[in-house]
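The values are calculated or read from the model by the stated rules, or taken from the named source; none is laboratory data. Nothing here was measured: the structure is a model prediction, and the numbers come from that model. When we count neighbours, we look across all protein chains shown, and the Cβ atoms used for this are built from the backbone with ideal geometry, even at glycine.
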Amino acid sequence: MSVLTDLIYGGSNAVAGLTEGAVNDAIAKYGAEKEIAFPDTAYFFPTIYAATGVKVTKLGDLPACVGVLKSLITNQEDLNQALNAGLATAVGAEILEGLKYVEPKDAYEQATVPGIGFVPDPIIRSLGVPLVTGDIPGVAVVLGKAENAEDVAKVVKDYQSKGIMTFMVGDVIEQCAEAGVKMGLELRVIPLGHDVTAVIHVVTVAIRAALIFGNVQPGDLAGLLAYTKERVPAFVNTFGAIDNVVVSAGAGAIALGFPVVVDIDLGENQVPGALESCTDHNETVKKSLELRGIKIKSKELPIPVAFAAAFEGEIIRKADMKVEFWSAKNTTCELVLMKNADEVEDHKITVEGPDIDSGDLEYALATVVEVYGKKMQADFESVIERKIHAWFNYMEGVMHTGQRNQFRIRISKDAYDKGLRLRHFGEVLYHMIMDEFDAVVDKCQITLITDPVKATAFLNDVALPRYNMRDDRLASMTDESVDRFYTCILCQSFAPAHCCVVTPERLGLCGAVSWLDAKATYELNPNGPSQPILKEGCLDERTGRYTTVNEAVKNATHGAVEAVTLYSIMEDPMTSCGCFECISGIEPMSNGFIVVNREYAGMTPAGMTFGELASCTGGGVQTPGYMGHGRHFISSKKFIHAEGGIERIVWMPKELKDDVGEKLNKTAKELYGIDNFTDMIADETVCTDCDALMEFLQEKNHPVLGMEPLM
Ligand code: SF4
Ligand code: ZN
């Protein structure tokens, strides 16, 4: 037998033995009826569920799984057979990790080493959009113990600066922490756990992506492996000596289509394209990205700090802050303005007033971006302007929250010491606009006004009137007032059968694509993911059924979906990819709908959590009664219009209700003359079960009680 297959089988057999023992011990301790589950998932033990269709819910389900696991280990001298043994290791790891959650206080709660363990479903859903837009270009798994901590820290920081999401397992976590790598989900460097079995927590992310976005059916192992290989851009780096368990786990990764790069010399045991050595750590990143076919759009900007999407979630505390621009204390605003050719001098960057080295702690700031372009339209001003938030955040040491004239920017001492000044903010805006909006912007100039008098004058004379004008235009923009809608198929890289139809009153379900965004996307890239649908051939106004929409969707999904309505949740509802901000689901007792946002982890009166509701739709499948959508759609006059509109909403988590409440109340007043409609909608502080919900609705005399049955 070759050294490699030998190692794989050795590792798989060892894991099989460990797993069997642990399962037996757990059953002896807690009994076969003891319930077992990973936190916040609708996919049970995801690897076992996806590969075999078996739903593990109690300890007594596990011995059969151990049997399947063992059957995968044939000990035959054949690489494919050996890769199957790698999958057995994955199953074993999943069971061993799952058992950690049986204990009253699970191992991850107790751990002294940082490690998040199992990644809940909602986080995976939230990764959909950044992955499809290339904002997160890939997923790295870094495990082991580096000979020199600096080597692994350098590699991880490099991934971070490229926006790659990095999951870490083993000693590398402490090594990176000590070397000053900033960690956290929002920073895209995620410690999973110390035991090598923790690697399963990134494997199940890939596996659940197949179930959530890809509509891969549980039990379809071949479909699962094809999905992860083709659509999940993940790869593995190991550091330090590798034992047979690591090798067999690596074989599992290879079976899923993820190449493994090790930092020891494997000589003739390398498997080209799948298992390769790279002993020079300066080459690890390059080699890994090449093996997985990941291309990074490099952004070299003339600024003294790093610039990467990975810094978007960075928080700057008061103690680390050098200066602040904050609307609560000083005038602030940011505005993109369309101008004539002779009014814009390309790449002119001006700071009007003191720069941040004048000694003050707080400044006013009006960020004025003036653009000219032959194909520029006033509607694109807000599309560009909304990106300022992300671009400023991408600077390491800069935090930006809010927008328009309500924002807060903090600059860290560290960034200041590296030489960051306001002029660099202008450089960032200039380069990013010319990079992303070059199809509509020919020239661009930036003025940063810190002079408080001038900033205030600009706010009052130019910015506020402009915001108001735009708001009026948005408010007047209805589905009736336009002659076209747009498709969006960005998510097809994960959900090949899904297509969003975006209208002025119904934004994309991810919440990130409004009709204006889709329009801009089309103008910027006429062959891109958004295509116009001329609003013709209305078949039914009530449900929003159009021949042109059906044709466009059928075309965009290659025949997978033949008909969707724009305004119904019961009749041919729009499909979901899986990354929706909210899901609406039927609550049969009240004949109403509950609306749940991704962030809400608790129970709902429908008897299902967000994750469980969400698993009812996704992957481009239509499930009448369940529909994913964006937050802003809730207050739309078109929200489940065919079923009676927002009057059907009976329950929402409090946070969501507070967030959309003002607009929702306005819509209810306008449509039905109801005051303070949100007071009639229950939330988790009122109830999470359907009986109490009915009592509440009766007490409030909720309009749903007088409506026709849904079914
Ligand atoms: Fe994906 Fe739809 Fe959002 Fe486009 S609009 S990015 S397809 S969820
Ligand atoms: Zn999506």
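Assorted remarks:
- Residue check for Gly544: crowded, with 18+ Cβ neighbours inside 10 Å, within 16 Å of ligand 2 (Cβ to nearest atom) and within 21 Å of Phe639 (Cα to Cα): no
- If you go through segment 126-161 and keep only what is under 30 Å from Ala614 (Cβ atoms) and not hydrophobic (A, V, I, L, M, F, W, C), you end up with Ser126, Gly128, Pro130, Thr133, Gly134, Asp135, Pro137, Gly138, Tyr159, Gln160.
- Boolean, Leu671 is free of Cβ contacts under 8 Å to residues at least 40 places away in the same chain and part of a helix (DSSP H, G or I): yes
- Number of positions in segment 120-143 that are away from ligand 2 (no atom under 16 Å from the Cβ) and surrounded by fewer than 23 Cβ atoms within 10 Å (Cβ to Cβ): 2
- Cys579 passes every criterion in (1) crowded, with 23+ Cβ neighbours inside 10 Å; (2) modelled with pLDDT of 95 or more; (3) of a type outside the set (Phe, Trp, Tyr) apart from (2).
The rows are residues; the columns are (1) closer than 20 Å to Leu301 by Cβ; (2) crowded, with 18+ Cβ neighbours inside 10 Å; (3) in contact with an Asp or Glu (Cβ under 6 Å, 6 or more places away or on another chain).
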{"residue": "Glu381", "(1), (2), (3)": "no, yes, no"}
{"residue": "Asn393", "(1), (2), (3)": "yes, yes, yes"}
{"residue": "Gly397", "(1), (2), (3)": "yes, yes, yes"}
{"residue": "Gln403", "(1), (2), (3)": "no, no, no"}
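- Within segment 105-119, the set of residues being assigned to a helix (DSSP H, G or I) and either within 16 Å of ligand 2 (Cβ to nearest atom) or crowded, with 19+ Cβ neighbours inside 10 Å (or both) comprises just one member, Tyr108.
- 2 or more residues within 14 Å of ligand 1 (Cβ to nearest atom) and of a type in the set (A, V, I, L, M, F, W, C): qualifying strands (runs of 3 or more DSSP E) within segment 500-553: 500-502
- Identity of the residue in segment 11-26, surrounded by fewer than 17 Cβ atoms within 10 Å (Cβ to Cβ) and not polar (S, T, N, Q), that ends up farthest from Ser277 (Cα to Cα): Asp25
- Restricting segment 493-550 to residues that are under 25 Å from the mean Cα position of the chain (by Cα) and basic (Lys, Arg), the residue that is nearest to Ile646 (Cα to Cα) is Arg506.
- Taking the criterion of being crowded, with 24+ Cβ neighbours inside 10 Å and in a helix (DSSP H, G or I), the residues of segment 176-204 that qualify are Cys176, Thr197, Ala198, Val199, Ile200, His201, Val202, Val203, Thr204.
- Contacts under 7 angstrom Cβ, first residue in segment 158-173 being buried (at least 24 other Cβ atoms within 10 Å of the Cβ), partner of a type in the set (Phe, Trp, Tyr) and outside any strand (DSSP E or B), 6 or more apart: Thr166/Tyr159
- Test: residue in segment 391-408 that is over 22 Å from Leu524 (Cβ atoms), under 25 Å from the mean Cα position of the chain (by Cα) and without any contact (Cβ under 8 Å) to a residue 24 or more places away in the chain: yes
- Criterion (more than 20 Å from Pro496 (Cα to Cα), in contact (Cβ under 8 Å) with a residue 12 or more places away in the chain and in a loop (DSSP other than H, G, I, E, B)) met by exactly one of Glu571, Glu562: Glu571
- Neighbours by Cβ (under 7 Å, 6+ apart or cross-chain): first from segment 498-526, under 14 Å from Val129 (Cβ atoms) and within 14 Å of ligand 2 (Cβ to nearest atom); second part of a strand (DSSP E or B) and among the small types (Gly, Ala, Ser): Leu509/Gly628
- Scope segment 245-261; condition among the β-branched types (Val, Ile, Thr) and in a helix (DSSP H, G or I); matching residues: Val245, Val246, Val247, Ile254
- Candidates are the residues of segment 220-244 that are assigned to a strand (DSSP E or B) and aliphatic (A, V, I, L, M); the one that is farthest from Val199 (Cα to Cα) is Ala234.
- Unique residue being free of Cβ contacts under 8 Å to residues at least 24 places away in the same chain and touching a strand residue (DSSP E or B) at 6+ places or on another chain (Cβ under 9 Å) when the list is Gly628, Gly585, Gly537: Gly537
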